[in-house]
Ligand SMILES: CC(C)(COP(=O)(O)OP(=O)(O)OC[C@H]1O[C@@H](n2cnc3c(N)ncnc32)[C@H](O)[C@@H]1OP(=O)(O)O)[C@@H](O)C(=O)NCCC(=O)NCCS
């Protein structure tokens, strides 16, 4: 598997990957394009030797009380490629990128119904906060907020 930053050339492949992983919640082409060109975001992809993109992670940053905070905005791996460490590597790459940008805190939202993602992030040192975001997703499901302090 090859891991590197995604570029605008990956736009259509990333759009398809989002659809395959998230269906109704998939990011639009326009949003993905903005995330690919915005210097405040970072997009990494996992690619098979054939060139097919099978996973990606999208991170964004914003200033909060004079400190920059990172956010994991999207993470997905195609069903046939899960449980092989792909997402773990993608999170590590984004964390490293955040560190290089001087970011020490990361936040993310995870669906109340997504136990797999919650367990995945907990294994990587992310902790559940008491913050709940009601009706965060299109189907009305609420999100839980997780966070991690980078050392
Ligand atoms: C969550 C997701 C990104 C994990 O990707 P992945 O490449 O399979 O993750 P990894 O192989 O790096 O898994 C690392 C650890 O996470 C946990 N984990 C991952 N998938 C799991 C599963 N199906 N059941 C239980 N634990 C799981 C395990 O602890 C695993 O370690 P192990 O393989 O040693 O047991 C993937 O399942 C996915 O794309 N899901 C759909 C989209 C999604 O929910 N994204 C997150 C939105 S917040």
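A short reminder: the numbers here are calculations on the coordinates, not readings from a lab. Keep in mind that what you see is a predicted model, and the values were worked out from it rather than measured. Here Cβ is always computed from backbone atoms with ideal geometry, including for glycine, and neighbour counts include all displayed protein chains.
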*Checking residue 51 against (1) under 16 Å from residue 1 (Cβ atoms); (2) in a helix (DSSP H, G or I); (3) more than 12 Å from the ligand (Cβ to nearest atom), which single condition isn't satisfied?*
(2)
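Every residue in the range 1-24 that is in contact with a strand residue (DSSP E or B) (Cβ under 9 Å, 6 or more places away or on another chain) and either surrounded by 15 or more Cβ atoms within 10 Å (Cβ to Cβ) or farther than 20 Å from residue 94 by Cα (or both), please.
Just the residues of the range 1-24 that are in contact with a strand residue (DSSP E or B) (Cβ under 9 Å, 6 or more places away or on another chain), to begin with: 1-7, 10, 13-14, 16-18, 20-22.
Once the filter is applied, which keeps residues that are in contact with a strand residue (DSSP E or B) (Cβ under 9 Å, 6 or more places away or on another chain) and either surrounded by 15 or more Cβ atoms within 10 Å (Cβ to Cβ) or farther than 20 Å from residue 94 by Cα (or both), the range 1-24 yields 3, 6, 10, 13, 14, 16, 17, 18, 20, 21, 22.
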*Quick one: would you say residue 110 is touching a residue at least 40 places away in the same chain (Cβ under 8 Å), buried (at least 21 other Cβ atoms within 10 Å of the Cβ), near the ligand (Cβ under 8 Å from one of its atoms) and within 11 Å of the chain's Cα centre (by Cα)?*
no
_Within the range 69-104, take every residue that is near the ligand (Cβ under 6 Å from one of its atoms) and in a loop (DSSP other than H, G, I, E, B) and give me the one that is farthest from residue 118 (Cα to Cα)._
84
_Suppose the filter is touching a helix residue (DSSP H, G or I) at 6+ places or on another chain (Cβ under 7 Å), surrounded by 15 or more Cβ atoms within 10 Å (Cβ to Cβ) and either closer than 29 Å to residue 12 by Cβ or free of Cβ contacts under 8 Å to residues at least 24 places away in the same chain (or both); does residue 120 pass it?_
yes
